[in-house]
Amino acid sequence: MPERPIYFKYSTRPWQKEVLAALAAFRFAVIVAHRRAGKTEAMVLRLLLAAMDAKSPYPAPLFAYIAPFLNQARAVAWGRLKHYCRVLPGLKINETESSVTLWNGAVIRLFGADYPDRLRGLGFDGVILDEVAQMKPDTWGAVVRPALSDRRGWAVFIGTPKGRNVFHELYQEALAKEDWLAGLYPVDRTGAISPEETVCLKTDMPPDLYGQEYLCDFTAANADSFVDFILVHEAARREIPARNPAPLVFGLDVARFGDDRTVLVRRRGLVLENVVIRQGQDLMRTASETSEAINLRRPRAVFVDAAGLGAGVADRLRQLGHRVIGVNSGAKALDPDRFHNLKAEMWSKMRDWLAESAVIPDRPELKDDLLAPRYDFDHAGRLKIESKDSLKARGLRSTDLADALALTFAQPVAAFRRQPREAKFYDRD
């Protein structure tokens, strides 16, 4: 270790500092950041700091930066790595191998995933995988992950969304696992782009491209999505109003086993207050939990998906003394001239609600559900929303969270109004 402290001439942005601090507590991480946020810069520093502090029992700790192509890795990271390393004593730079060796024997090397077999046989103490969606499918699972096993090495995936692909799957996996770090950094969170330039970018770029590149939206490339990603993004950024006198409404979408989820939402006017998700739960337990929530919150209306399994839950809730409204999304719409069925009408009202300054929780699974379905028109020119079977055929899961929210728009719910007290007259005599 050098006798004097080493200082790097680099001032981290707040979001980079946040990520670098958080990575110390996680072995695996997925960091989604907008274009020009500085994610490569931060990850080069991550590699360098880890290599300087390496305490591997192996004679030569090995760290890697992997891009889809070696030329791409050199163009993006090589200059940055050499720039920060120049203040280190005893440094050895190998231009042929695109590697640097530190005084403690630790090596940082750049690789391209275009020839993943070149990575076989190596053991890594830490790896950065940049733009993993552009790599060959087996790069991570069959090559890099085994190379981390004996050294208990760590890995960080970084990139910008390009639709729903392996990077999206890794991000969803990181969200679901407690021992993985999932970070999402759109342009309004990093401070990397000035507000004035952000306005120009939003004006100059197509909405779907801006959403993908700067709002980090995995579904932005789906131009035929029924719900506009800008509506969802803005709704998730709004603050809940201090006073909300609107009536409370419940929506319950029922599932039992498999990948589908049972979801209970609580909406009060323009605010989606809460989303409760259950998976693999039996129907009686679902009815019991919903009954407890009704007794606690006293909603004005409770809408239950009564197609299939939901009918049993609705019946049980009625047995328990609750007034619930069963909804069959495949039934005739209230406005049959405009909508193919009730589902299309509910989703249309939900989209209008989002456009009316609605507030939703900033939950990735909710936003994914809202943005997933496509739309079409039937032979009579009426709006149709993509079915769950069609979504699953495209490799997407059922939109249970969004469907539960849509149920709250099945019928109008009037606000409660107190009746005026009857006037009483008293004879003073």
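The values are calculated or read from the model by the stated rules, or taken from the named source; none is laboratory data. As the structure is a computational prediction, the values presented were derived from the model and not from experiment. We place every Cβ from the backbone using ideal geometry, glycine too, and count neighbours over all the protein chains shown.
Would you mind stating whether Ala133 is among the small types (Gly, Ala, Ser), assigned by TED's automatic domain parsing to the domain that holds His34, part of a helix (DSSP H, G or I) and surrounded by 14 or more Cβ atoms within 10 Å (Cβ to Cβ)?
For Ala133, the condition - among the small types (Gly, Ala, Ser), assigned by TED's automatic domain parsing to the domain that holds His34, part of a helix (DSSP H, G or I) and surrounded by 14 or more Cβ atoms within 10 Å (Cβ to Cβ) - is met.
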Problem set entry | All positions within the stretch 388-411 that are modelled with pLDDT of 90 or more and surrounded by fewer than 18 Cβ atoms within 10 Å (Cβ to Cβ) | Gln411
Exercise. Between residues in the stretch 342-361 that are hydroxyl-bearing (Ser, Thr, Tyr) and residues that are crowded, with 17+ Cβ neighbours inside 10 Å, which pairs lie under 7 Å by C-beta distance while being six or more apart or on different chains?
Worked result: Ser348/Phe339; Ser348/Leu383; Ser357/Leu270
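Condition check ((1) modelled with pLDDT under 95; (2) surrounded by 14 or more Cβ atoms within 10 Å (Cβ to Cβ); (3) under 32 Å from the mean Cα position of the chain (by Cα)) across all residues:
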residue	(1), (2), (3)
Val302	no, yes, yes
Gly308	yes, no, yes
Ala311	yes, yes, yes
Gln319	no, no, no
His322	no, yes, no
Gly330	yes, no, yes
Leu334	yes, yes, no
Asp337	yes, no, no
Glu345	no, yes, yes
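Table: residues versus (1) modelled with pLDDT of 90 or more; (2) surrounded by fewer than 17 Cβ atoms within 10 Å (Cβ to Cβ); (3) within 30 Å of Ile193 (Cβ to Cβ).
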residue	(1), (2), (3)
His34	yes, no, yes
Leu47	yes, no, yes
Ala75	yes, yes, yes
Leu91	yes, yes, no
Thr96	yes, yes, no
Val107	yes, no, no
Tyr115	no, yes, no
Leu119	no, no, no
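Residues that are closer than 23 Å to Gly269 by Cα: list the helices (runs of 4 or more DSSP H) wholly contained in the stretch 307-385 that include at least 2 such residues. Give the steps one after another, and end with the answer.
Values: elements: 310-319, 342-355, 364-371.
Hits in the stretch 307-385: 342-355, 364-371.
Consider Val144 carefully, then state whether it is modelled with pLDDT of 90 or more and closer than 18 Å to Pro68 by Cβ. Write out each step before concluding.
Working: modelled with pLDDT of 90 or more: yes; closer than 18 Å to Pro68 by Cβ: yes.
Yes, satisfied.
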Exercise. Quick check, is Ala236 under 15 Å from the mean Cα position of the chain (by Cα), closer than 23 Å to Gln16 by Cα and in the same structural domain as Asp403 (by TED's automatic domain parsing)?
Worked result: yes
For this session: Please determine, by comparing only the residues of the stretch 267-297 that are surrounded by 19 or more Cβ atoms within 10 Å (Cβ to Cβ) and among the charged types (D, E, K, R), which one is nearest to the chain's Cα centre (by Cα).
Result: Arg267
Exercise. Tell me, which residue of the stretch 334-353 that is in contact with a strand residue (DSSP E or B) (Cβ under 7 Å, 6 or more places away or on another chain) and aromatic (Phe, Trp, Tyr) is farthest from Arg374 (Cα to Cα)?
Worked result: Phe339
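Is there a residue in the stretch 122-138 that is in contact (Cβ under 8 Å) with a residue 12 or more places away in the chain, small (Gly, Ala, Ser) and out of contact with any strand residue (DSSP E or B) (no Cβ under 9 Å at 6 or more places or on another chain)?
From the stretch 122-138, those in contact (Cβ under 8 Å) with a residue 12 or more places away in the chain are 122-138; that's our starting set.
Narrowing further to those that are small (Gly, Ala, Ser): 123, 126, 133.
The next check asks that each one be out of contact with any strand residue (DSSP E or B) (no Cβ under 9 Å at 6 or more places or on another chain); those that pass are none.
There is no residue in the stretch 122-138 that is in contact (Cβ under 8 Å) with a residue 12 or more places away in the chain, small (Gly, Ala, Ser) and out of contact with any strand residue (DSSP E or B) (no Cβ under 9 Å at 6 or more places or on another chain).
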